[in-house]
1. Please list the radius of gyration and Dmax for segment 395-451, considering alpha-carbon atoms only, with Å as the unit.
2. Which residue, Tyr78, Tyr117, Ala246, has the largest displacement toward the positive end of the dipole of segment 33-451 when charges sit on each Cβ (Lys, Arg +1; Asp, Glu -1)?
3. Using a 1.4 Å probe over the heavy atoms of the protein chains, calculate the carbon and sulfur portion of the accessible area of the chain as a whole percent.
4. For the chain, what does the helix formula give at 222 nm: sum of -39500 (n - 2.57) over DSSP H segments with n ≥ 4, over the residue count, nearest 500 deg cm²/dmol?
5. Which ³J(HN,Hα) values in Hz, rounded to whole numbers, follow from the phi angles of segment 131-138 under the Karplus curve 6.51 cos²θ - 1.76 cosθ + 1.60, where θ = phi - 60° and Gly and Pro get x?
6. What translational D, rounded to a whole number of µm²/s, comes out for segment 371-420 from Stokes-Einstein when the hydrodynamic radius is the Kirkwood one over Cα pairs, at 37 °C and 0.692 mPa s?
7. For the residue pair Val3 and Ser304, what label-to-label distance in nm results when each label sits 7 Å from Cα along the Cα-to-beta-carbon direction?
8. Using the alpha-carbon atoms, what tilt in degrees (0 to 90, nearest 10) does helix 293-302 show relative to the longest principal axis of the chain?
Amino acid sequence: MKVQIYRKTAQNLKFVPNLPDYEKAVRTFSWAKAREEVAFLNGKLNAAHSAIDRNAQNFRKNKIALYWQGEANEKERYTFLDLFKISNQFANLLHALEIGQQERVFIFLPRVPQLYYAFLGTLKRGAIAGTMFSAFGPQAIEDRLGNSAAKLLLTNTELLPRVLKVLKNLPELTTILLTDGTKDRKAGKTQILSLPNLLSSQSTVYETRMMDPEDPAFMLYTSGTTGKPKGVVHVHKAILHEHLSAKWALDLKEEDVYWCTADPGWVTGIAYEILGSWSNGASSVVFSGRFEPKTWYQIIEDYSVNVWYTAPTAIRMLASDPERSAKNFDFSSLRHLASVGEPLNPEPIRWGLKTFGLPFHDNWWQTETGGILIANYPSMDIKLGSMGKPLPGIEASIVDDLGNELAANKEGNLAIRPGWPSMMKTIWKRPKKYKSYFTKGWYISGDRAFKDTDGYFWFVGRADDVIKTAGERVGPFEVESALVEHPKIAEAGVIGKPDPLRGEIIKAFITLKPGVKQSEMLKEDIQSFIKRHLAGHAYPREIEFRDKLPKTRSGKIMRRLLKAQELGLPIGDTSTLEEF
Ligand code: ATP
Ligand code: MG
C-alpha cells in the first residue's frame, strides 16, 4: 500500500514541542545526564517521591494533580499536596499492618481515588504494588495473588466475594482492606478491615523510603493476549524512563490537563496515569465510568483536555459512533493526541484529523519494557501506519532468530538493546522465562516489524500471528488496516487458517458499521476491495461477520482466541478477556 505522510509544518504544529529536534536529541542523549530529570538523593530514589513528593514540596504544591470523575459522574479533586498527605497515611497504615519492604500489596479496584494513593503509598513504604482489573473473576485473582504471594489486598465490598471464593488457596494473604467497609471481621486466617476507619487515624507525615534504583517498585501481570499471564516486575529507577518518555512522546507540559484512558490494571495506567505523568507535573483526568462517545467527548470539553492518550480500539469505536456525536462538542483545547496498545491503522488517524484537526501519534511498548520505546513525536512527520522512531537513548533494531541485525525493509524480530531504565527486572518466580527474552545481547520483543530507510519502524504482527500463505509472509496488521479502509467495516481481526494447499489461508473476522447488513455480496465486495488495495495474495479467502471481536480488557483483539475457536482448540487463559 502507498505510504501517506502527514507533514509537520508551522501551520499545523502550533506549539513548541518538548522534543523540538529529534535527531539532535538522539546524537546528544546520555542516560547519566538524564538522571537529573528525576529526584535521586545520594544515589537513591523512590518513584512515588519523584512523581508526588517533590511536586508537593515545590511550586506545584496546590496544583490539581487528579481530577476524578466517577461512574455516576460524581467529581473529586486532589492537589499534589493532598495526594502527598493521603499516600503518606496509606504508607503509615502499611507500616502499622506490618507490611515490610518488598512484600506484595495488591489493589483490586475500579479506577477510584483510593487506587491511586494506595499505589503511591505502597511504593513509599518500599513494598511492591500490584494491580488487577476490577472485572477479574476468581481464577484470575487466585492466579495473581497466589503467584505473587501477596500479603495485603485492597478491594471493596462489591468485589470481595470473588476473593473469598479462592481465599482458602491464598495462605499468605493476611489482610484485606475494604475501601467501603465499616465492620472488621475475619475470614479464616485473613483479617478483613475497614480502610476509612484505619486511614483517618494515620499521620499525614511519612518519610518516604529512598530505595536502591534496582529495587522492585511494582509488578503487573501482562494482559495475556498470547498465553498465561506473566508477573512482570519493575524497579524504582523506571521512573526516569517513564518521566522522559511522557515528556517527549506525550509532550506533557506544566499547564497541561492530560487524560489517559487506560486502567492501572494495565501497564499504561501505571506508567502514564500515575508515575511519568505526575512526575512531569501534569494535571490528570481519571474517568472511571464506561465507554460512551458522548461522555468521552464531554470530558474533553469539560476539563479542557490538552493531551489525550488512548487506544486504537477506542478510536475505532468513536469513529463508528452511529450518532456521530463528535460534531456537538468543542475540542479546541486539544493539542496532542497519542495512541498505544495495538497497531494504529491509517484510517483512524485520518478520522482523528477530520474530527479533532489533529493526528493520533502511535507509540509502541510492552508491559515488559515499562515505558514507551518507539514513538511518533509532535515534531516529527507521521508516516501513517508506522510506530515511529526509537526514543533518544533507545537502540532498536530488526534481527533474525539468531540475533543478527537485518537490513532496512526486511521483516524480522523487533529487538531492543538492554539497559534502558524501565526494562523489566524479572518475571516473578519464572527466571527461565525471563532469560528466554534475550538473544545475543538483544531483548527480543516477540513482535515482528521492519525498519524503513528513513528509520521509521513498522509493525507487522505478533510473532505467533504472522501468516504464511502460499510461500509468502503476511502480517495481520497490514490486512486489517486495508480492511478497515472499507467504508462498511468497523473492525477486523485476521488469522492464518491451516490449509492443505497453501499452508495457511487468510481468514478475516469482521464487525460492520452500525446499520450495515451482512451478505455474501458484501463479502465479495470486501475481497475485491482488498485485492485492489493490497497485494493479490493478501486478500482474505474466508470472511466471517461477527457482532463483536474478542478483546482483552486493555482493548486488544485476541487473535489467539479467534484462531483457537476456528480450529476447535483449547482456548487457554481467558482471564483478561473482556467478555465471555
Ligand atoms: P501477553 O504478552 O501476555 O500475551 P500482551 O503482549 O498483550 O500480553 P502488553 O504488554 O499489554 O501485553 O502488550 C504489548 C503488546 O501490544 C506488544 O508486544 C504489541 O504486540 C502490542 N502493541 C502495543 N503497542 C503497539 C503499537 N503501537 N503497534 C502495534 N502493536 C502494539
Ligand atoms: Mg506480550
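1. According to the Cα coordinates of segment 395-451, Rg and Dmax are 11.7, 38 Å.
2. Of Tyr78, Tyr117, Ala246, it is Tyr117.
3. The nonpolar share, carbon plus sulfur, comes to 50 percent.
4. -7000 deg cm²/dmol
5. 10, 9, 4, 5, 8, 4, x, x
6. Taking Rh from Cα pairs, D becomes 272 µm²/s.
7. The answer from the label model is 3.9 nm.
8. 60
The values are calculated or read from the model by the stated rules, or taken from the named source; none is laboratory data. From a predicted model like this one, the values you see are computed outputs, not experimental measurements. When we count neighbours, we look across all protein chains shown, and the Cβ atoms used for this are built from the backbone with ideal geometry, even at glycine. The accessibility values were calculated without ligands, DNA or RNA, using every heavy atom of the protein model including side chains. Shrake-Rupley method; radii C 1.70, N 1.55, O 1.52, S 1.80 Å.
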